[in-house]
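Report on the following structure.
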Amino acid sequence: QLQLVESGGGLVQPGGSLRLSCAASGSTLDYYAIGWFRQAPGKEREGVSCMSSSGGSTNYPDSVKGRFTISRDNTKNTVYLQMNSLKPEDTAVYYCAAHAWGYCTGVKDDYDYWGQGTQVTVSS
């Protein structure tokens, strides 16, 4: 069974950058779409970005376009989320998730496997 582990979260100043990692084990990520989601306190979990099994990428909220970039390293079986120009409203727990059908979707219920989450806090 596929397992996902996020890492790279932490405390960062507004305007700073952070790179999150989603490392897979138990199976290759080649046939999955990998989505990044985030959940702030008291709010619903929302889709942030996604990379399909064919390598296409999508950002979902307008607020992250131009600031967040998703990428994949097949040799490490890992997907990354590069976050630049961070804002306090980006503060949330960030999760990666795998969709077995291989295409991108921003609907959290479509995803089959989830990591444990990593905390990102943007504060001065």
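Could you grab me the full set of residues in the stretch 17-38 that are crowded, with 19+ Cβ neighbours inside 10 Å and of a type in the set (Val, Ile, Thr)? Steps first, answer last, please.
So the first thing to find is which residues in the stretch 17-38 are crowded, with 19+ Cβ neighbours inside 10 Å, and the list is 18, 20, 22, 24, 29, 32-38.
Passing the criteria: only 34.
Would you mind stating whether residue 115 is open to solvent by less than 70 Å² (accessible area, probe 1.4 Å), small (Gly, Ala, Ser) and touching a residue at least 60 places away in the same chain (Cβ under 8 Å)?
yes
Condition first: open to solvent by less than 20 Å² (accessible area, probe 1.4 Å) and either among the acidic types (Asp, Glu) or without any contact (Cβ under 8 Å) to a residue 40 or more places away in the chain (or both). Now tell me which residues in the stretch 80-94 satisfy that.
Of everything in the stretch 80-94, just one residue is open to solvent by less than 20 Å² (accessible area, probe 1.4 Å) and either among the acidic types (Asp, Glu) or without any contact (Cβ under 8 Å) to a residue 40 or more places away in the chain (or both), namely 90.
Kindly indicate which of 14, 41 is open to solvent by 50 Å² or more (accessible area, probe 1.4 Å) and in contact with a Lys or Arg (Cβ under 7 Å, 6 or more places away or on another chain).
Just a single option satisfies the conditions, and that option is 14.
Cβ contacts < 8 Å: first residue farther than 20 Å from residue 108 by Cβ, restricted to the stretch 51-79; second residue of a type in the set (Ser, Thr, Tyr) and not in a strand (DSSP E or B), any location; separation 6+ or different chain. Result?
These pairs meet every condition: 67/85; 77/28.
What do you reckon, is residue 121 under 13 Å from the mean Cα position of the chain (by Cα) and not aromatic (Phe, Trp, Tyr)? Explain how you work it out, then say what you get.
On the way: under 13 Å from the mean Cα position of the chain (by Cα): no; not aromatic (Phe, Trp, Tyr): yes.
Answer is no for this residue.
So is residue 71 out of contact with any Ser or Thr (no Cβ under 6 Å at 6 or more places or on another chain), at pLDDT 95 or above, surrounded by fewer than 15 Cβ atoms within 10 Å (Cβ to Cβ) and not charged (D, E, K, R) or not? Working first, answer last.
On the way: out of contact with any Ser or Thr (no Cβ under 6 Å at 6 or more places or on another chain): yes; at pLDDT 95 or above: yes; surrounded by fewer than 15 Cβ atoms within 10 Å (Cβ to Cβ): yes; not charged (D, E, K, R): yes.
So residue 71 fits the description; yes.
Of everything in the stretch 13-35, what is under 23 Å from residue 102 (Cβ atoms) and either small (Gly, Ala, Ser) or part of a strand (DSSP E or B) (or both)? Give them in sequence order.
Answer for the stretch 13-35, where residues must be under 23 Å from residue 102 (Cβ atoms) and either small (Gly, Ala, Ser) or part of a strand (DSSP E or B) (or both): 20, 21, 22, 23, 24, 25, 26, 27, 33, 34, 35.
Go through 28, 58, 78, 105 for me and flag whichever is modelled with pLDDT under 95 and within 19 Å of residue 3 (Cα to Cα).
28
If you scan the stretch 36-92, which residues turn out to be among the β-branched types (Val, Ile, Thr), under 21 Å from residue 25 (Cβ atoms) and assigned to a strand (DSSP E or B)?
70, 78, 79 - these are the residues of the stretch 36-92 that are among the β-branched types (Val, Ile, Thr), under 21 Å from residue 25 (Cβ atoms) and assigned to a strand (DSSP E or B).
The values are calculated or read from the model by the stated rules, or taken from the named source; none is laboratory data. All values reported here derive from a predicted model rather than from experimental measurement. Every residue, glycine as well, gets a Cβ built from its backbone with ideal geometry; the counts of neighbours run over all protein chains shown. Surface areas here come from the heavy atoms of the whole protein model, side chains and all, with no ligands, DNA or RNA. Shrake-Rupley method; radii C 1.70, N 1.55, O 1.52, S 1.80 Å.
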